[in-house]
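A.B. asks: Before anything else, here's the structure in question.
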Ligand code: HEM
């Protein structure tokens, strides 16, 4: 029996920080041991740790879900793209105030500096009542507390059980273009009302609406949901959404992205992508807390691991 990383489901924090690292050639991950101490448990801060697919396969091949692969770029015929910016380690730190979260982000980066290069970092915040910067509530159809683990975690008995597939993408919004649309048009872009996030009825929700593109089903008609934890970021010059989600399997992301970018068989694209574009994209695996602990405690995550030493 294993426990997931609880931070995936932690609610109520308004300050967020994301860090991505590239491991130095031949480096070990002893630093992760330290990371768990000051940077994880102090000050009511949550930490989620995830690994790039290639690194995780080297660290713990027996615990890698079959479908775990790096993010591949999506390139649509009309020039719309979702670039791949895959790195080795992903950290999500969140807490109740930006100062404490910043201190922990700095401490985490310092802890890893001997082993890895900081490749990307992004402070984020919760905007009003969980609204994206477009003004639309983000998270309405997210699975509720009891369903979230079923949606987000690899089922028990499978390789990587109680771990989760993470998608991390930074999107840059063109708010001026979006705000130039009358509100009813904006609502057709997302498929929900702006004030209170009510789903438009079938007659008014275009097949190109965001929620129409990302609501997907398996061949038996069962919905395939994901658990989203995205947060806005930015300054006056550049701003948007740091899209983060957790899923029991990776294919859901691939299917949703192909339906958003017009590479799915029906050729339609998500009209939201007329107003925002991704500038980064990566997949990670957040192993169960139990496995993470085991690997660190038994020293399996160390430079002595042949798989790591061969990097
Ligand atoms: C800038 C990027 C994005 C923005 C601003 C955005 C915003 C939103 C909003 C406002 C909703 C409706 C309310 C809700 O249920 O949360 C929504 C729903 C959803 N989004 Fe996104 N989203 C973005 C990217 C993505 C991506 C990249 C994916 C998948 C890979 C995705 C998957 C979903 C899903 C699964 C839903 C729920 C659909 C349903 O069942 O009703 N979103 N998003």
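A.B. asks: Could you pull out every one of the strands (runs of 3 or more DSSP E) wholly within segment 208-306 that has 2 or more residues that are more than 16 Å from the ligand (Cβ to nearest atom) and crowded, with 19+ Cβ neighbours inside 10 Å? Please lay out each step first, then the result.
C.D. replies: Details: elements: 231-234, 239-247, 276-278, 282-286.
Here the list reads 282-286.
A.B. asks: May I ask you to say which residue of 177, 195 is in a loop (DSSP other than H, G, I, E, B) and either without any contact (Cβ under 8 Å) to a residue 40 or more places away in the chain or more than 11 Å from the ligand (Cβ to nearest atom) (or both)? Show your work before the answer.
C.D. replies: Values: 177 fails: in a loop (DSSP other than H, G, I, E, B).
Being in a loop (DSSP other than H, G, I, E, B) and either without any contact (Cβ under 8 Å) to a residue 40 or more places away in the chain or more than 11 Å from the ligand (Cβ to nearest atom) (or both) holds for just one of 177, 195, which is 195.
A.B. asks: Okay, moving on. So which residues in segment 159-174 are surrounded by 16 or more Cβ atoms within 10 Å (Cβ to Cβ) and more than 11 Å from the ligand (Cβ to nearest atom)?
C.D. replies: Of everything in segment 159-174, those that are surrounded by 16 or more Cβ atoms within 10 Å (Cβ to Cβ) and more than 11 Å from the ligand (Cβ to nearest atom) turn out to be 160, 161, 162, 163, 164, 165, 166.
A.B. asks: Could you count how many residues in segment 130-158 are surrounded by fewer than 18 Cβ atoms within 10 Å (Cβ to Cβ) and farther than 23 Å from residue 223 by Cα?
C.D. replies: 3
A.B. asks: On to the next question. Looking only at segment 77-87, which residues are crowded, with 17+ Cβ neighbours inside 10 Å and over 16 Å from the mean Cα position of the chain (by Cα)? Give the steps one after another, and end with the answer.
C.D. replies: Keep residues of segment 77-87 that are crowded, with 17+ Cβ neighbours inside 10 Å, which gives 80, 82, 85-87.
The one that is crowded, with 17+ Cβ neighbours inside 10 Å and over 16 Å from the mean Cα position of the chain (by Cα): 80.
A.B. asks: Let me ask something else. Consider segment 88-123. How many of its residues are touching a helix residue (DSSP H, G or I) at 6+ places or on another chain (Cβ under 6 Å) and within 21 Å of residue 286 (Cα to Cα)?
C.D. replies: 11
No lab work stands behind these numbers, since they all come straight from the coordinates. Computed from a prediction, not measured in an experiment: that's the story for all the values here. No Cβ is skipped: glycine too gets one built from the backbone with ideal geometry, and neighbour counts run over all protein chains shown.
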